[in-house]
Amino acid sequence: MKKLILFLLAISVIPLSHVHAENRVVQNLFEQYASQGVTQPSAERGEKLWQQRFSATGKFSERSCTSCHTSNINKSGKHIRTNKVIKPMSPTENPKRLTNMKKVNKWFKRNCKWTFGRECSAQEKADILAYLSKSVMKQK
Amino acid sequence: MKSTLAIGSVIFTISILSIPVVWSDSDFDWDKYKRKSSGVAAVSNPVYQEECGSCHMAYPPGLLPSRSWEKIMDHLDKHFDDNAELDPQTHQTISQLLTKNSADKSNYRRSQKFSRSISQNDIPLRITETPYFIREHNEIPKRMVSGNPKVQSFSQCNSCHLKAEKGSFNEHNINIPGYGRWDD
């Protein structure tokens, strides 16, 4: 009996430690988006948005998040205008990703404006974040 | 006898160890040396590296006069068709750093060349548009730059100048991708 209790205790700790390993910044952002009316983020929608091509005027007439980050988020990308190498976007490949809220907000603002010609909605940001981080929003 | 030997060897060791100290204490003027070299001052401020080195190399401030940096910093929301906006505090930190280390305030000879080549009424927004830059690069054929997919434009100094981010533009550290080392 004692053994069983210990066993149950042990497995109940597993999801907890899993939660702990989750990225706090991503969870905080999900919470912010939720307060702005976002429903469950979808990694699938996020991926679609990431790959989608938008047309613009001028030299870079076709724009997409992949223009600089490549379509494989586990690989390094290259800035389409300056050739500068951009490290992989996936936190699995590059643990520094999505760990600084200010940085994430800053680049969402810049890159949505450049790519889509407008800022992203909270839902779009949540979806992209779910895709990049492969995280799900915690149910309350 | 034994103790004389021990004391002797201690003195010997100390004197050997002190040679480099005495050496570096000589009156060789490193500052003067640097001013004569082909470089500009390196800036390793982490805020500058992070904010102005994410889309392209962080350009050493000694490549443009302060009036140019001021104009660049005043229009970060429309920065060469990109958006490089900063929060007010970071903006101030970087503006101060750029002005303090700008080409017209530097005592590096190379910076002074950039600065002096620009006429008083001009406020260039690009290093690559300064007369000194143009003069130094006019012998390089287009096929090695705009026609070279690994370079594309002169703006990426570090494509060719291997130590550009450290402020060094020495001829011995030039390698044009696909064409190799530059020999005059």
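The values are calculated or read from the model by the stated rules, or taken from the named source; none is laboratory data. Bear in mind the structure is a predicted one, so any value in this text is a computation, not a measurement. Virtual Cβ from ideal backbone geometry, glycine too; neighbours counted across all protein chains shown. When the accessible area is computed, the model is the full protein with side chains, heavy atoms only, and any ligands, DNA or RNA have been set aside. Shrake-Rupley method; radii C 1.70, N 1.55, O 1.52, S 1.80 Å.
Before moving on, here are some points about what is shown:
- Cα centroid of the stretch A:77-96 to Cα centroid of the stretch B:72-113, whole Å: 25
- For B:Tyr108, the solvent-accessible surface with a 1.4 Å probe is about 40 Å², rounded to the nearest 10.
- With DNA, RNA and ligands ignored, accessible area of A:Glu62 (1.4 Å probe; Å², nearest 10): 110
- Peptide B:76-89 - average C-beta neighbours from other chains (10 Å radius): 2
- Cross-link pairs beyond the 26 Å C-alpha cut-off, checked among A:Lys109/B:Lys163; A:Lys87/B:Lys150; A:Lys78/B:Lys71; A:Lys59/A:Lys96: A:Lys109/B:Lys163; A:Lys78/B:Lys71; A:Lys59/A:Lys96
- Here the label points at B:Met144 and A:Ser76, each 7 Å from Cα along the C-beta direction, are separated by 2.5 nm in the simple model.
- Here the label points at B:Gln92 and A:Lys96, each 7 Å from Cα along the C-beta direction, are separated by 2.7 nm in the simple model.
- Residues of the stretch A:67-90 whose accessible area, computed with a 1.4 Å probe over protein heavy atoms, drops by at least 30 Å² once all protein chains are present relative to their chain alone are A:His79, A:Arg81, A:Thr82, A:Asn83, A:Lys84.
- Shown are A:Lys3, B:Lys105, whose ranking by accessible area with a 1.4 Å probe and every protein chain present, most to least, is A:Lys3, B:Lys105.
- The mean number of Cβ atoms from other chains found within 10 Å of a Cβ in peptide B:51-58 is 3, as a whole number.
- Computed with a 1.4 Å probe on the full set of protein chains, the accessible area for A:Ile80 sits at about 50 Å².
- Prolate/oblate/rounded call for the stretch B:28-184, Cα gyration tensor, a/c under 1.5 rounded: oblate
- Shown are A:Thr82, A:Thr70, whose ranking by accessible area with a 1.4 Å probe and every protein chain present, most to least, is A:Thr70, A:Thr82.
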